[in-house]
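The values are calculated or read from the model by the stated rules, or taken from the named source; none is laboratory data. These figures come from a predicted structure and were not determined experimentally. Neighbour counts run over all protein chains shown; Cβ positions are idealised from the backbone, glycine included. Each accessible area value is taken on the protein alone, full model and side chains, heavy atoms only, with ligands, DNA and RNA left out. Shrake-Rupley method; radii C 1.70, N 1.55, O 1.52, S 1.80 Å.
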Amino acid sequence: MTRTPLIAGNWKMYKTERQAEEYIQALLPRVSAVNGVDVAICVPFTDLRAMVDSARGSRVEVYAQNMHHEPEGPFTGEVSAPMLSELDVRGVVLGHSERRALFGETDKALALKVPVALAAGMVPILCVGETEEERDGDETDRKLRQQIRDDLAAVPGERLADVVIAYEPIWAIGTGRVASPEQAQEAIAFIRALVGDRDSEAAQGTRILYGGSVKPDNAAELLALADVDGALVGGASLQAESFAQIVAAATP
Ligand code: PGA
């Protein structure tokens with residue numbers, strides 16, 4: 001089964017609406033000729049409407065960075081799936097390690113959020129990955145097994161392949177310390193096998209991205225790995241030029 005690569009830029013808490021507008025005008029011409037790769041930018045809530053409008057008709061899709069599982073309710077500061085999908089937001093990052101570590105995102109909450117995003121017609125990018133301590137203690141497989149089991153528990157087998165999984169070793173995020181190709185391939189093949197334990201056909205269709213210090217100069221090597229179906233790019237997605245170079249590196 002062929003899996004279309006996905007390059008997703010995770011802006012995190014960067015860019016006002018005005019800065020976002022400048023960025024998208026610089027990005028669109030740089031990716032307009034690209035074929036065979038899906039491109040998404042995951043932007044702050046305040047940038048969503050402007051980015052969806054500016055990217056309409058282009059190959060760039062606009063995703064959010066978080067979402068509550070309830071459609072509405074007394075949840076101050078939160079945003080729901082219907083609020084996002086009405087804006088034509090096509091996907092959402094769920095369980096980024098920064099949300100897990102800094103904002104108390106739990107596997108229990110993620111188990112609720114992932115199916116809600118799917119039901120709303122959005123692509124969830126579920127982030128998983130181990131800390132440096134867990135890697136040093138040979139705990140990587142245990143951590144990944146637990147996260148994949150818990151976070152996807154409520155996703156039916158026939159929808160599993162619609163979830164994008166991002167393997168992001170926490171020690172590689174924002175550090176400039178990218179995983180080696182061997183480490184990335186091994187962990188991502190392991191994640192694919194875990195999905196395969198649930199549904200072997202889904203595992204062949206599930207896109208699994210690598211994230212953590214992906215840059216224009218290391219992207220091609222990572223993206224060429226057998227099980228790596230794209231990248232979740234933080235810092236290097238903030239400039240249209242470097243993000244477009246990573247998109248180009250994913251072009252088959
Ligand atoms: P980075 O971030 O590319 O800046 O390491 C990746 C991420 O947090 O998704």
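Structure notes:
- Residue among I173, I188, I125 with the largest mean-square fluctuation in a Gaussian network model of the chain, springs linking Cα atoms under 10 Å: I173
- Relative packing of peptides 13-22, 206-215 - highest average C-beta neighbours within 10 Å first: 206-215, 13-22
- Classified by the C-alpha gyration tensor, the chain has a rounded form. Its axis ratio a/c, with a ≥ b ≥ c, is below 1.5.
- Rounded FRET efficiency, nearest 0.05, which uses the C-beta distance separating L112 from Y14 and R0 of 30 Å: 0.60
- Cα-based shape type of region 129-252, given that a ≥ b ≥ c are square roots of the gyration tensor eigenvalues and the cut on a/c is 1.5: oblate
- Close amide H pairs (under 5 Å, H built 1.01 Å from N) link H68 with V79, S80, A81, residues at least 5 positions away or on another chain.
- Accessible solvent surface per residue of region 30-98, calculated while the other protein chains remain in place, 1.4 angstrom probe, Å²: 46 Å²
- Spin-label pair S32/R149, simplified geometry with 7 Å Cα→Cβ offset, distance in nm: 5.1 nm
- Region 168-237, dipole about Cα centre (Lys/Arg Cβ +1, Asp/Glu Cβ -1), debye to the nearest 20: 220 debye
- Modelled label reach - Q239, point 7 Å along Cα→Cβ, region 24-40 residues with backbone N closer than 15 Å: 26-27
- For region 117-200, the residue among Q147, A120, G176 whose Cα projects farthest onto the positive side of the dipole built from Cβ charges is A120.
- Here the ratio of the Cα radius of gyration of region 182-252 to 2.2 N^0.38 Å is 1.17.
- Residues of region 139-168 with amide N under 20 Å of the 7 Å Cα→Cβ point at A119: 150-164
- Under 5 Å from the amide H of G9 lie the amide H atoms of A40, I41, C42, V233, each residue being 5 or more positions distant or on a separate chain, with H modelled from the backbone and absent for Pro and chain starts.
- With each label modelled as a point 7 angstrom along the Cα→C-beta vector, the F75-F103 pair spans 1.1 nm.
- About the centre of its Cα atoms, region 11-165 shows a dipole size close to 380 debye [charges on the beta carbon of Lys, Arg (+1) and Asp, Glu (-1) only; nearest 20 debye].
- Share of carbon and sulfur in the accessible heavy-atom surface of region 8-68 [1.4 Å probe, %]: 49 percent
- Residue-count net charge about T251 - beta-carbon cut-off 13 Å; Lys, Arg +1, Asp, Glu -1: +1
- In region 52-172, the ratio of gyration radius to Kirkwood radius, Rg to Rh, stands at 0.99 when only Cα atoms are counted.
- Shape of region 9-73, Cα gyration tensor, a/c cut at 1.5: prolate
- Within the accessible area of region 87-182 (1.4 Å probe), percent carbon and sulfur: 51 percent
- Only lysines eight or more places from K113 in sequence, or on another chain, were considered; those with a Cα closer than 22 Å are K12, K143.
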